[in-house]
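Notes follow once the structure below has been shown.
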Amino acid sequence: MNRKLSPLQKLVIEMVAEGLTTAQIAERLGIGITTTQNIVSTTMLKMNCKTRAQAAAKAVSLGIVNNDLS
């Protein structure tokens, strides 16, 4: 990963790793779905990931997200 993630991007990728949908993330953050989609896309681009699952796994392996998501 070449670029650092912002605190918001880290929060969003954590929610992605929890398995939340874009709509669920948007609702939790109180922001629009399109804004959430943009944040997820930008975050995945920064992480060089093509899928949400790949981004979640990479976030865990890099220590961005705790793997104890229970």
Cβ pairs under 6 Å, 6+ apart, first in segment 1-12 and closer than 15 Å to V40 by Cβ, second modelled with pLDDT under 95 and open to solvent by less than 100 Å² (accessible area, probe 1.4 Å): K10/I64
Unmet requirement for I31, which otherwise passes all of (1) open to solvent by 70 Å² or more (accessible area, probe 1.4 Å); (2) in a loop (DSSP other than H, G, I, E, B): (1)
Subset of segment 34-70 that is in a helix (DSSP H, G or I) and hydroxyl-bearing (S, T, Y) - its residue that is nearest to K10 (Cα to Cα): T43
Residue that is nearest to T34 (Cα to Cα), among those in segment 1-22 that are among the charged types (D, E, K, R) and in a loop (DSSP other than H, G, I, E, B): E18
Criterion: open to solvent by 50 Å² or more (accessible area, probe 1.4 Å) and within 10 Å of the chain's Cα centre (by Cα) - qualifying residue of T42, T36, T21, T51: T42
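The values are calculated or read from the model by the stated rules, or taken from the named source; none is laboratory data. Since the structure is predicted, the reported quantities are computational estimates derived from the model, not experimental observations. Positions of Cβ are backbone-derived with ideal geometry, glycine not excepted, and every protein chain shown enters the neighbour counts. Remember, those area values only see protein heavy atoms, side chains included, never the ligands or the DNA or RNA. Shrake-Rupley method; radii C 1.70, N 1.55, O 1.52, S 1.80 Å.
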